1. Between the helical axis of 78-105 and the dominant principal axis of the chain, each derived from Cα atoms, what acute angle in degrees is found, rounded to the nearest 10?
2. Quickly estimate the mean residue ellipticity at 222 nm for the chain, helices only: each DSSP H run with n ≥ 4 gives -39500 (n - 2.57), and the total goes over all residues, rounded to 500.
3. Given the Cα atoms of the chain, and with Rh set as the inverse mean 1/r over their pairs in the Kirkwood sense, what is Rg to Rh to two decimals?
4. Go from 0 up to the bin containing the longest alpha carbon distance in segment 1-61, width 5 Å each, and give me the % of pairs per bin.
5. Work out how much length residue 67 to residue 104 would gain on full extension: take 0.36 nm times their residue separation and subtract the Cα-Cα distance, in nm to one decimal.
6. Can you tell me the length gained on complete extension of the stretch residue 9 to residue 91, counting 0.36 nm per residue apart and subtracting the Cα distance?
7. Which of the lysines could a cross-linker bridge to residue 81, judged by Cα under 28 Å and excluding same-chain residues fewer than eight apart?
Amino acid sequence: MIDINAPEFIVLVVLAVIIFGPEKLPELARKGARVLNYVRNIANDAQGKLRQELGTDLGDLNFSDLNPRSLVTSTLLDPVKSEVDQVRATVSGTMADAKAELATETEPAAPVPFDPEAT
């Protein structure tokens with residue numbers, strides 16, 4: 001998507017007024033809105049025809065799933081994530097067991113005999 005901030009938008013409006021003039025600007029805005037609406041309708045029709053041609057098997061296909069980033073995430077990283085979670089659980093369980101065993105094995109040290117008159 002295009003990220004246009006308020007100052008950039010104001011510059012674009014000023015340039016449009018300078019280039020096209022204030023008389024033609026409303027007409028150009030209407031034509032631009034019609035073109036945008038026409039392109040949006042074409043995209044929706046193509047999407048509907050694609051769903052119709054794919055049939056019931058792929059009728060629930062989500063087109064955002066075809067995004068390369070989400071496709072890689074769902075096909076490559078999701079199976080690995082479950083394996084990593086299993087390993088993480090095993091390691092944390094082993095660490096907890098080791099800490100518990102270390103705590104029970106370690107007894108407080110006997111106080112070191114100290115003779116204050118020795119020095």
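Bear in mind that the values in this text are calculations on the coordinates, not laboratory data. Small disclaimer: the values here were computed from a predicted structure and weren't measured.
1. With rounding to tens, the tilt is 20 degrees.
2. Numbers: 3 runs with 82 residues, N = 119.
The helix-only estimate for the chain comes to -24500 deg cm²/dmol at 222 nm.
3. For the chain, the value is 1.49.
4. 3, 15, 12, 15, 15, 10, 9, 7, 7, 5, 1
5. 8.0 nm
6. Stretched fully, the residue 9-residue 91 segment lengthens by 24.1 nm.
7. Partners within reach: 99.
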